[in-house]
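Colleague: The structure under discussion is supplied below as structure tokens; questions concerning it will follow.
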Amino acid sequence: MKNKVHMWIVTAILTTLFLPILGTLVYSLSTKWTNTLLPQGLTLKWYLEIFKNEMFLNAVGKSFWICLVSLFFIALILVPAVFVATYYFKKIEKFMEILVLVCFAVPGAVSVVGLIKLYSSEPFRLVGTTYILVGVYFVLAYPFVYRGIKNSLDGLNLKELIESANILGASTRMAFFKIIVPNISKGLSVSMLLTFSMLFGEFLLVNMLVGGKFQTVQMYINSIKSGYSGHYSSALVITYFAILLILTTLAFYMGEKNNRR
Amino acid sequence: MENILEVEKIKRSKKINITTPQIEEHHKGFLILLPFMILMIMFLISPFISTFIGSFINEYGEFTLENYEYIFQSRFIKQSIFNSLELAFISTFVGLLISLQGAYSLNRLKNSSKKSILLFINMLSNFSGIPLAFAFIILLGSNGVMTILLKNIGLIDGFDVYSKTGLILMYIYFQLPLGLLLLYPVFDRLNPQWQEMVNIMGGSTFTFWKRVGIPVMLKEILGTMLIMFANAMGAYACTLALTNGTYNVMTIRITSYIAGEVAYEPGIASAMSILLGGILIFVVIINEVMLKKKRGKYEK
């Protein structure tokens, strides 16, 4: 009996959360829908139009590219750093925890002010280039990726693993690459995928720091406010949502497999 | 005397010999941390310091408090602060209440659909920014699907999604997945038998929540509240897209002062950023203090 009540509550919340997406989906599939209860006709032409639009495809490509590059650097720098901090420097580990809070609490609008001031003149003219995005995405993704790495590392018995490897004649570096990295790679890829979908939805930093030259998906959607029909933009929103769906589902299945092992 | 020195030397050299590889490893380890630190300093710490310094400098490069004076005198800026806080408080409060109930219900579900529900919520938590505002306009705009539907039924005359009400709805919307995700695992801590125990001892369900349930989860609830609050205070893209930048909130004001078409006022933008950052840090500190107090109360 109780279970039923809970089921109803969860269903109600989920339905409400899906309403905007559902409405957008129906709208994107309709030919015309004004002042009637139901759409006047159904069509796929808005989606065809999107996939014929080079600007959109370009934007998706750019979004993927910048997110992948940033994530690559994040993993490359953060995995060894978190390992070293956990294994050798307990104090720095504490400091990293504080940084997680700071990165989480300080909104993009705040850091943008300082970034523009620092990096729009020589010697570091980074504003307007995509390089700066790699840096700011590093900070943006840091709390999430750090948590992912840390949780995976905490699941291992780090000290014992490294010490036994050392006794068997392997250097700590070798132990890191042959033991630690393979062991955390699955957990890491899950958090990376989730971070990817977060970076994918970033707008403020791209807009303020790089501007219209670098059109990511969010920038593109923002730029079509006028001049296009509502059906076209709703098809865009649904496509965007579908990309998120694929990314999150992938992350979940990887996490599942990881848990089963 | 010399002998002693000799011995000391030998001791020392021995000591050094023993620890050298360890120290070397430490040094190397530190090198690995360097790129991380450089990036953090470049993109987090020094921008913040530069903003802090910039907030005390006027257009002629002199030290001044004018910027702060200005933001506390300007009605327009005060309004943006008030609006931001209002939206953040309302959306956090309502979002927290709904997600507490939702997370509890989700946690108590027995069937296997739980996992896919979590997947959907996870995905919704990333559905933000401009696409979210678009979806809201399509659903609730003046020609929106829902608006027309409700109009046809006769429930409403019309709905203005570009107003404060629309914004509050959207803010609550994006707070919910976050709250649900963060609070869902917390309810694992509650042992179902505890409630029975309270009931046996004559306590009501309300007593259970007041004396046991909430105190046990307090740390996480406060933490979630904090994250939701920061999330709402920092919201930018969706607010901008929904209201076209006409609704006066802090993030939109700040960005308009550094990259706006109308005014370029880096000093005022910096002062506002420091204020916004300060509000959030203040909330973090209050959170910690309250936590310590409560913890002391319940753990003694």
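Colleague: As I understand it, the value is the acute angle between the Cα axis of helix A:108-119 and the longest principal axis of the Cα atoms of chain A; what does it come to in degrees, rounded to 10?
Modeller: On a 0 to 90 degree scale, this one is about 70.
Colleague: Would you mind checking the stretch B:210-253 for residues with the amide N under 19 Å from a putative spin-label position 7 Å along Cα→C-beta of B:Asp160?
Modeller: Output list for this probe position: B:239-249.
Colleague: Can you give the longest stretch of chain B with no exposed loop site, where a site means GluC sites (Glu not before Pro) in a DSSP loop (not H, G, I, E or B) with at most 14 other C-beta atoms within 10 Å?
Modeller: Details: sites that count: B:Glu59, B:Glu62, B:Glu261.
After excluding every exposed loop site, the longest remaining stretch is B:63-260.
Colleague: For A:4-14, what's the mean count of beta carbons from other chains sitting within 10 Å of each residue's beta carbon? Before the final figure, lay out each step's value.
Modeller: Working: counts 0, 2, 9, 7, 1, 8, 14, 2, 3, 12, 8.
That average works out to 6.
Colleague: Starting from the Cα of B:Leu291, move 7 Å in the Cα-to-Cβ direction to define the label point; list residues of the stretch A:96-140 whose amide nitrogen is under 19 Å from there.
Modeller: Within reach of a label on B:Leu291: A:96-107.
Colleague: Any idea what the dipole of the stretch B:65-144 comes to, in debye rounded to 20, about its Cα centre with Lys/Arg Cβ at +1 and Asp/Glu Cβ at -1? Working shown, then result.
Modeller: Working: 6 positive and 3 negative charges, 124 e Å.
With Lys and Arg at +1 and Asp and Glu at -1, about 600 debye.
Colleague: Using amide H atoms built in the peptide plane, which far-off residues or other-chain residues are under 5 Å from A:Ser30 H to H?
Modeller: Hits under the 5 Å cutoff: A:Thr43.
Colleague: Something else about it: If each residue of separation counts as 0.36 nm, what is the full-extension length gain between A:Asn58 and A:Ser120 once their alpha-carbon separation is subtracted?
Modeller: Working: separation 62, 0.36 × 62 = 22.32 nm, distance 2.64 nm.
Value of the extension gain: 19.7 nm.
Colleague: Using DSSP to call loops (not H, G, I, E or B), can you name the chymotrypsin sites (Phe, Trp or Tyr not before Pro) in the stretch A:80-136 whose Cβ has at most 15 other Cβ atoms within 10 angstrom?
Modeller: A:Phe124
Colleague: With no solvent and one point per C-alpha, what does the Debye sum give as log10 I(q)/I(0) for the stretch A:1-153 at q = 0.11 Å⁻¹?
Modeller: Taking Cα atoms of the stretch A:1-153 as identical point scatterers yields -0.80.
Colleague: Ok, one more. With a ≥ b ≥ c taken as the square roots of the eigenvalues of the C-alpha gyration tensor of chain B, please select rounded if a/c is under 1.5 and otherwise prolate if a/b is larger than b/c or oblate if it is not?
Modeller: On the way: a/c = 2.27, a/b = 1.28, b/c = 1.78.
Taking the square roots of the gyration eigenvalues as a ≥ b ≥ c, chain B is oblate.
Colleague: Ok, one more. Give me the inter-chain shielding for B:219-227: mean count of other chain Cβ atoms within 10 Å, whole number please.
Modeller: Numbers: counts 0, 0, 0, 0, 1, 0, 0, 3, 3.
Other-chain Cβ atoms within 10 Å of each residue's Cβ, averaged: 1.
Colleague: Can you tell me the orientation of helix B:250-259 relative to chain B, as the angle in degrees between its alpha-carbon axis and the longest Cα principal axis, to the nearest 10?
Modeller: That helix lies at roughly 70 degrees to the long axis.
Colleague: Let's test the formula: R0 of 56 Å, r as the Cβ-Cβ distance of B:Glu196 and B:Ile38. What FRET efficiency results, to the nearest 0.05? Mind dumping the intermediate values first?
Modeller: Numbers: r = 56 Å, r/R0 = 1.00.
In this case the efficiency is close to 0.50.
Colleague: With the other protein chains left in place, how much accessible area per residue, in square angstrom, belongs to chain B at a 1.4 angstrom probe? Working shown, then result.
Modeller: Working: 16040 Å² over 300 residues.
On a per-residue basis, 53 Å².
Colleague: Long-range amide H contacts for B:Ile57: which residues qualify at under 5 Å (H placed 1.01 Å from N, peptide plane, sequence gap of 5 or more or a different chain)?
Modeller: It is B:Thr64, by chain and number.
Colleague: Please list 3J(HN,Hα) in residue order for the stretch A:6-16, calculated via the Karplus relation 6.51 cos²θ - 1.76 cosθ + 1.60 where θ = phi - 60°; whole Hz, with x for glycine and proline.
Modeller: My calculation for the stretch A:6-16 gives 4, 4, 5, 4, 4, 4, 4, 5, 4, 4, 4 Hz in order.
Colleague: Mind checking which of A:Leu161, A:Leu19, A:Leu68 has the largest fluctuation in a GNM of chain A, springs on alpha carbons under 10 Å?
Modeller: Largest GNM mean-square fluctuation: A:Leu19.
Colleague: Taking the Cα centre of the protein assembly as shown as origin, work out the dipole magnitude from +1 charges on Lys and Arg Cβ and -1 charges on Asp and Glu Cβ, in debye rounded to 20.
Modeller: Numbers: 47 positive and 29 negative charges, 365 e Å.
Value, rounded to 20: 1760 debye.
Colleague: If you take each beta carbon of peptide B:168-176 and count the beta carbons of other chains within 10 angstrom, what is the mean?
Modeller: 1
Colleague: With axes computed from alpha carbons, what is the tilt in degrees of helix A:158-167 against the longest principal axis of chain A, rounded to the nearest 10 within 0 to 90?
Modeller: Approximately 50 degrees, to the nearest ten.
Colleague: OK, next. Springs between alpha-carbon atoms under 10 Å, Gaussian network over chain B: tell me which of B:Gln193, B:Gln175, B:Gln79 tops the mean-square fluctuations.
Modeller: Greatest mean-square fluctuation among the candidates belongs to B:Gln193.
Colleague: Kindly list the residues of the stretch B:212-239 that lie in the label zone of A:Val100, defined by a backbone N under 15 Å from the point 7 Å along the Cα-to-C-beta vector.
Modeller: B:220, B:223-224, B:227
The values are calculated or read from the model by the stated rules, or taken from the named source; none is laboratory data. All values derive from a computational prediction rather than experimental measurement. FYI the Cβ positions are ideal-geometry reconstructions off the backbone, even for glycines, and counts take in every protein chain you see. Just so you know, the surface numbers come from the protein's heavy atoms only, side chains and all, with ligands and any DNA or RNA stripped out. Shrake-Rupley method; radii C 1.70, N 1.55, O 1.52, S 1.80 Å.
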